1. Which residues in region 283-311 place their backbone N less than 13 Å from a point set 7 Å from the Cα of ASN258 along the Cα-to-Cβ direction?
2. Near the amide H of SER301, under 5 Å away, which other amide H atoms are found, from residues 5 or more places off or on another chain, if H is placed in the peptide plane?
3. Could you tell me the distance between the Cα centroids of region 260-320 and region 203-247, to the nearest Å?
4. On alpha-carbon atoms, Rg over Rh for region 2-152 using Kirkwood Rh?
5. Rounded to the nearest 0.05, what FRET efficiency do LYS270 and LYS411 have when you use their Cβ-Cβ distance and R0 = 41 Å?
6. In the chain, what percentage of the DSSP-assigned beta bridges are antiparallel, given to the nearest 5?
7. Just to confirm the number: angle between the C-alpha axis of helix 259-272 and the first principal axis of the chain, 0 to 90 degrees, nearest 10?
8. Largest first and in whole Å, give the semi-axes of region 179-435's equivalent ellipsoid, each being the square root of 5 times a Cα gyration tensor eigenvalue.
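Read-outs throughout are calculated quantities, based only on the coordinates presented, and are distinct from any laboratory measurement. Please read all numbers here as calculations on a predicted model, not as lab measurements. Reconstructed Cβ throughout: ideal geometry from the backbone, glycine too, with neighbour counts over all protein chains shown.
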Amino acid sequence: MKVLFVESRLGSANWGLNFNVGIASMTGILNKYGHEADIFVVFTTQDILKLIQLIKNYEPDIIGFSFTESTFPGVKKISKKIKSKFPNLYIIGGGVYCIFAPQEIISCKSLDAICIGEGEYALLDLLKNFHNKNLLLKTKDFWFRHYKKIIKNPKSPPININLLPEPNRKIFNTKKLDIYQGSLFFLPNKKGGCFSMSRGCIFSCSYCASPTLASLSGGFSKYFRLLDPKQGIQQIQKAIKSYHYEYIIFLDDTFTLNKDWFNTFSKLYKKHIKLPYHCQLRIGTFTKETALQLKKSGCDSVSFGLESGDPELRTTILNKDISDEQIKNGVLLLKNAGLKVASYNMIGIPGETPEKLLKTIKLNAEINIDKLYYFIFHPYKGTKIYDMCLKKNILTKQTSSFIDREDTLLKMKEFNETDIRYFKDKFLILYNLRKIKSKNYIYIHISKLLFIYHALPPSSTYSKIIKFILNNHIVDSFTNHFLSLNKYNAT
């Protein structure tokens, strides 16, 4: 049978990473059992017409949408169009959002079924049962729309990822989707292949879906799974041989979480792969020796979630009990080992104020972060912080034009929507101004004055008065010129 996977980027910012680990894994197992698969990514509304033409040419038996909460509105639009052109074509949906909001998703009349668990064996069983209606409607991990009735089947236990065939990367590479783009990481001109050596996470951050997924899977011990180091190395070797990658990106949430696994894997990687790589870490899960081992094995850069520079927000709201001192010491270990460091940061967290947001910028500058990722906070369904937002009654209704992480859904007296969007625009400028270190006395004072000016939120009375007196465009132009000069004057 033929499956055409479709990803929608409508209504969501494109972060530059197009490789979908789940689709690659499902394609791998489908191919092993004699099925065909292809993929199409909808970036713009014009792409929908191209998708319709592809369906005519490819003639798939099933359309499989992979989506998130933010891309679901786009999926509804696309699937409705497909159904209008191909009313008998079977359309299914999958992704973590289906696990958290199945009732809402199955109400979409252009979807015939949704997967409420891990998709590899579930999809394989669905294809096996496809021509037998009675068996089809009993397929585990699926909810079905059958006339006016919703048929709900149970969720299976977590998959043993070591028993899965290798992810099939061909459909991504032929369409140039398995290459990170722009400046997503530190080497934008390299052809980078994305890999995942694990599934799940053992931490309970309130903004993440992992705690809920773990509870649905029987606990963190069952939910978090590691690929055998030798199997992982073999997978990378084969992919490099086929697609000539120059750089490796590990998508795992916490690459150094299991010390024994990392020690074995990093030694094998150094011996057999010998390519630079990037990975994600969590402060507190590595030591000086780990950092040195990362560098020795080929790692040249890492990223971690700083999220907020306010310790109280990190602990009480984000449920991330990591102190400023731990962050400073952890980044120092990484930098002393010769690694470049990137941080992920949130703007507009529940309970945040402009003053607390400035702590985030100042902490990043103090630890001399090499690359910043900063997004407006988004409360996703299935997370504890989403429930918190509902309870506090600060969650507004999402609009069709909303793009997640680029705008806010929250209404907070202490940090309004205009101020949140303002600091998203000014985050990098404020960081660069705070980071300036110079022997030039005048430079230091100018940078401080400019920081104070840009740190004033639009809602501030002082901001309105000062920006009434001064020409904002002239100050912005001067700031950019000053920062460009500083590249040559800073010490």
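1. In region 283-311, the label zone of ASN258 (backbone N under 13 Å from the point 7 Å along Cα→Cβ) covers no residue.
2. Those lying under 5 Å, H to H, from SER301 are TYR277, CYS279, LYS340.
3. Their Cα centres are 14 Å away from one another.
4. Result: Rg/Rh = 0.92.
5. For LYS270 and LYS411, the calculated efficiency is 0.20.
6. 20 percent
7. Result, in degrees: 80.
8. 32, 21, 18
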